[in-house]
1. What number of residues within segment 127-141 satisfy the criterion of being open to solvent by 20 Å² or more (accessible area, probe 1.4 Å) and either over 14 Å from the mean Cα position of the chain (by Cα) or among the aliphatic types (A, V, I, L, M) (or both)?
2. Could you list, in sequence order, all residues of segment 21-46 that are under 15 Å from the mean Cα position of the chain (by Cα) and not in a helix (DSSP H, G or I)?
3. Which members of segment 28-42 meet the condition of being open to solvent by less than 30 Å² (accessible area, probe 1.4 Å) and on the phi > 0 side of the Ramachandran plot?
4. Give the residues of segment 117-126 that are open to solvent by less than 80 Å² (accessible area, probe 1.4 Å) and touching a Pro at 6+ places or on another chain (Cβ under 8 Å), sorted by residue number.
5. With respect to residue 71, is the statement that it is open to solvent by less than 30 Å² (accessible area, probe 1.4 Å), over 24 Å from residue 125 (Cα atoms) and touching a helix residue (DSSP H, G or I) at 6+ places or on another chain (Cβ under 9 Å) true?
6. Please verify whether residue 25 is open to solvent by less than 10 Å² (accessible area, probe 1.4 Å) and modelled with pLDDT of 90 or more, treating the condition exactly as stated.
7. What are the pairs, 6+ residues apart or on separate chains, where a residue within segment 70-83 that is free of Cβ contacts under 8 Å to residues at least 40 places away in the same chain and more than 19 Å from residue 56 (Cβ to Cβ) has its Cβ under 6 Å from a residue that is in a helix (DSSP H, G or I) and open to solvent by less than 90 Å² (accessible area, probe 1.4 Å)?
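The values are calculated or read from the model by the stated rules, or taken from the named source; none is laboratory data. Everything quoted here is computed from the prediction, not taken from an experiment. Neighbour counts run over all protein chains shown; Cβ positions are idealised from the backbone, glycine included. Protein only, heavy atoms only, side chains kept; ligands, DNA and RNA dropped before computing areas. Shrake-Rupley method; radii C 1.70, N 1.55, O 1.52, S 1.80 Å.
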Amino acid sequence: MGSVSIAKEKHVQMPRMVNEGESLAEALLSAKAEGRLTVGVYECAKIMNADPDSVSFCLLATDDFECDIALQIHFTLIQAFCFDNDISIVRVNDLKRLNALVGAKGQLEDAHCVLITNPAEDSWEDPALEKLHMFCEESRSYNEWVPEITLPER
């Protein structure tokens with residue numbers, strides 16, 4: 001008798017080409033250095049209302065907002081606005097780490113919402129931001145409309 005081998009099908013998830021957390025940290029630090037960062041729900045809403053075409057990327061920090069109905073409403077409206085205006089959007093799961101990246105030294109910011117605006121026309125596109133846009137596009141293809149990114153430990 002011959003032996004019969006049964007090949008088991010392996011479900012191998014393709015490795016992502018980028019580490020989204022590292023790319024996000026790079027994009028935030030670059031935008032901060034270039035003055036293209038807006039921090040705070042109210043400040044972000046003002047920018048989105050005044051010039052939505054200037055907004056390149058949006059992050060929502062999800063730490064401890066579950067009990068805050070007002071913040072949930074703001075997040076829902078911001079998400080809808082981003083979808084309507086083709087703005088890439090992600091959730092960040094650690095408000096403290098996000099504050100460390102976007103806030104002034106020793107100062108706690110309202111980093112529940114952070115916007116990165118487009119670079120000046122005469123400057124190079126931020127490669128980290130491009131990686132994040134590709135990640136968001138890929139996530140939408142899997143019906144994950146607001147993917148969550150874990151920021152790296154610093």
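1. Restricting attention to segment 127-141, the residues satisfying the condition of being open to solvent by 20 Å² or more (accessible area, probe 1.4 Å) are 127, 130-131, 133-134, 137-138, 140-141.
Now drop any that are not either over 14 Å from the mean Cα position of the chain (by Cα) or among the aliphatic types (A, V, I, L, M) (or both), which leaves 127, 134, 141.
So the answer is 3.
2. Just the residues of segment 21-46 that are under 15 Å from the mean Cα position of the chain (by Cα), to begin with: 21-32, 36-41, 44.
Result: 36, 37, 38, 39, 40.
3. The one that is open to solvent by less than 30 Å² (accessible area, probe 1.4 Å) and on the phi > 0 side of the Ramachandran plot: 40.
4. Within segment 117-126, the subset open to solvent by less than 80 Å² (accessible area, probe 1.4 Å) is 117-120, 123, 126.
Of everything in segment 117-126, just one residue is open to solvent by less than 80 Å² (accessible area, probe 1.4 Å) and touching a Pro at 6+ places or on another chain (Cβ under 8 Å), namely 126.
5. On the way: open to solvent by less than 30 Å² (accessible area, probe 1.4 Å): yes; over 24 Å from residue 125 (Cα atoms): yes; touching a helix residue (DSSP H, G or I) at 6+ places or on another chain (Cβ under 9 Å): yes.
Yes: the conditions hold for residue 71.
6. On the way: open to solvent by less than 10 Å² (accessible area, probe 1.4 Å): yes; modelled with pLDDT of 90 or more: yes.
Against the criterion (open to solvent by less than 10 Å² (accessible area, probe 1.4 Å) and modelled with pLDDT of 90 or more), residue 25 qualifies.
7. Cβ pairs passing all conditions: 74/41.
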